[in-house]
1. Which of the residues that make up the stretch 365-375 are open to solvent by 10 Å² or more (accessible area, probe 1.4 Å) and either closer than 11 Å to Glu301 by Cα or touching a strand residue (DSSP E or B) at 6+ places or on another chain (Cβ under 7 Å) (or both)?
2. Taking the stretch 137-150, which residues are open to solvent by 30 Å² or more (accessible area, probe 1.4 Å) and either among the aromatic types (Phe, Trp, Tyr) or closer than 10 Å to Leu88 by Cβ (or both)?
3. For the stretch 217-224, check the following and say yes or no: at least one residue is surrounded by fewer than 21 Cβ atoms within 10 Å (Cβ to Cβ) and either touching a Ser or Thr at 6+ places or on another chain (Cβ under 9 Å) or more than 30 Å from Pro180 (Cβ to Cβ) (or both).
4. Could you run through the stretch 159-176 and say how many residues are buried (at least 18 other Cβ atoms within 10 Å of the Cβ) and more than 15 Å from Pro127 (Cβ to Cβ)?
5. Quick check: is even one residue across the stretch 230-245 touching a residue at least 60 places away in the same chain (Cβ under 8 Å), surrounded by fewer than 18 Cβ atoms within 10 Å (Cβ to Cβ), out of contact with any Gly (no Cβ under 6 Å at 6 or more places or on another chain) and part of a helix (DSSP H, G or I)?
6. Find the residue count for the stretch 177-186, including only residues that are surrounded by 14 or more Cβ atoms within 10 Å (Cβ to Cβ), small (Gly, Ala, Ser) and in a loop (DSSP other than H, G, I, E, B).
7. Which condition number does Pro281 fail, the rest of (1) open to solvent by 10 Å² or more (accessible area, probe 1.4 Å); (2) in contact (Cβ under 8 Å) with a residue 60 or more places away in the chain being met?
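The values are calculated or read from the model by the stated rules, or taken from the named source; none is laboratory data. These figures come from a predicted structure and were not determined experimentally. Note that we place each Cβ from the backbone using ideal geometry, even for glycine, and neighbour counts take in every protein chain shown. For the accessible areas, the whole protein counts, side chains as well, though only heavy atoms, and no ligand, DNA or RNA atoms are used. Shrake-Rupley method; radii C 1.70, N 1.55, O 1.52, S 1.80 Å.
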Amino acid sequence: VRRRLLEERRRVEGEPASGLRFRAGATEVFLDAARRSRVRRGESLGLAESLALTALVDAQIDYLDEPLPAGIRYGPGRTLVQGAYRTLRFGLPPGAFAPVKAPDLFGVRYRDSLLWGANETYPSDVPPSERIARNGLLVPWIQVHPLTRKPLPDALALLRLPLYRRMGRLLQHAVPPPAPAPSTGLERARFARGRTIYETTCTPCHGRYEFDPEPMPDGSPGLRSRPIRYREQLPPLDALGTDPNYAAALDDDYAAAWYGTLYYKVDLFGSRKTGTYVARPHLGLRLRAPYLHNASIPNLEALLTKPGGRPLRFRVGRAVPLDDRAVGLAVESPAANEDDPAAGVHCWDGTLPGNRPVGHEFGTDLDEEDKVALIEYLKRL
């Protein structure tokens, strides 16, 4: 929906009454999405619901219509959630462009701080499903009320907690499908070698895993991974070296505003100011490209390359082919790196602050054979 809104805004820019045209187009985008959702369930969208949704869109539009810096693209699967907290919830300046990937659901039950950053914390006796439910409230918490044109009050958003508890009980069981088992002697040797490298290089931050045999849907041999040791780590930004813009959004002004919320006062979350990014579990890693918190790395081969050799431009979106060897998005020729909004494809510009494919140089010093072996292991997780 966000992608379609941006396309609609670009379409009407420069036309007379472009603001009104954009509002009309944005409303239709949201109504169409709602209709499609209802049709999938064999239902229809009623008149009262359409009017309520139109009012909600109109309340949101002032935020959605803020111009983006020249050359910025959100791209599929990314959001500016911290920017929305800062501007909509707290009335703070939005800060630097700081995109973040949508949360990976695989392995959330093992997490201590969920899902959008490392600043929300939970007492040790809070079960995984409850942690997921509480964190889920951070999304409706920044919805704009259609009448007041302000974010929903804390007390009103908290009324949704029972719904999010049901969601949490479901999502804590999210697991990746089995991966194909190594099928040749060479693959098995590389897998074993890659496992040794992983447990030496990656385990301290991302955990240790075992594999259980489980057939693939076509009946061929498969493996299902499971953590046997994972404790959430919050490595400091200066050690990771990744793009700092997202962590910078959690500044003193943000923390002070957070401490004044009802969410904080009723102990729904603990909070800490961090200069860290979460080292997440690697369950389903092969399915989670592009990589790093800002989705700046197209595939695992690029992740194991020194930052100076990583691609700065690549396409993202549902029509981009996958690269089974590199494990992730295929990096096409520079000539193919163009936007194709009709196909939901955007060109990534890694030269922009917030988008930079820097840091996380762990494993980049391995020789080529060891990198191939490590990827052979990683694509089974």
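1. Applying the first criterion (open to solvent by 10 Å² or more (accessible area, probe 1.4 Å)) to the stretch 365-375 yields 365-372, 375.
Scanning the stretch 365-375 gives Glu368, Lys371, Val372, Ile375.
2. Residues of the stretch 137-150 that are open to solvent by 30 Å² or more (accessible area, probe 1.4 Å), as a first pass: 139, 143, 145-150.
Those that are open to solvent by 30 Å² or more (accessible area, probe 1.4 Å) and either among the aromatic types (Phe, Trp, Tyr) or closer than 10 Å to Leu88 by Cβ (or both): Gln143, Lys150.
3. Yes, the stretch 217-224 contains at least one residue that is surrounded by fewer than 21 Cβ atoms within 10 Å (Cβ to Cβ) and either touching a Ser or Thr at 6+ places or on another chain (Cβ under 9 Å) or more than 30 Å from Pro180 (Cβ to Cβ) (or both).
4. Within the stretch 159-176, the first condition is being buried (at least 18 other Cβ atoms within 10 Å of the Cβ), and the residues that meet it are 164, 168, 171-172, 176.
Filter once more, keeping what is more than 15 Å from Pro127 (Cβ to Cβ): 176.
The number of residues fulfilling the criteria is 1.
5. Within the stretch 230-245, not a single residue is touching a residue at least 60 places away in the same chain (Cβ under 8 Å), surrounded by fewer than 18 Cβ atoms within 10 Å (Cβ to Cβ), out of contact with any Gly (no Cβ under 6 Å at 6 or more places or on another chain) and part of a helix (DSSP H, G or I).
6. First, pick out the residues of the stretch 177-186 that are surrounded by 14 or more Cβ atoms within 10 Å (Cβ to Cβ): 178-182.
Now restrict to residues that are small (Gly, Ala, Ser): 179, 181.
Next, from what is left, pick out any that are in a loop (DSSP other than H, G, I, E, B): 181.
Adding up the residues that qualify gives 1.
7. (1)
Listed here are the residues, each with its yes/no results for (1) in contact (Cβ under 8 Å) with a residue 12 or more places away in the chain; (2) touching a Cys at 6+ places or on another chain (Cβ under 6 Å); (3) not in a strand (DSSP E or B).
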{"residue": "Arg188", "(1), (2), (3)": "no, no, yes"}
{"residue": "Arg195", "(1), (2), (3)": "yes, no, yes"}
{"residue": "Glu210", "(1), (2), (3)": "yes, no, no"}
{"residue": "Asp218", "(1), (2), (3)": "no, no, yes"}
{"residue": "Ser225", "(1), (2), (3)": "yes, no, no"}
{"residue": "Leu250", "(1), (2), (3)": "yes, no, yes"}
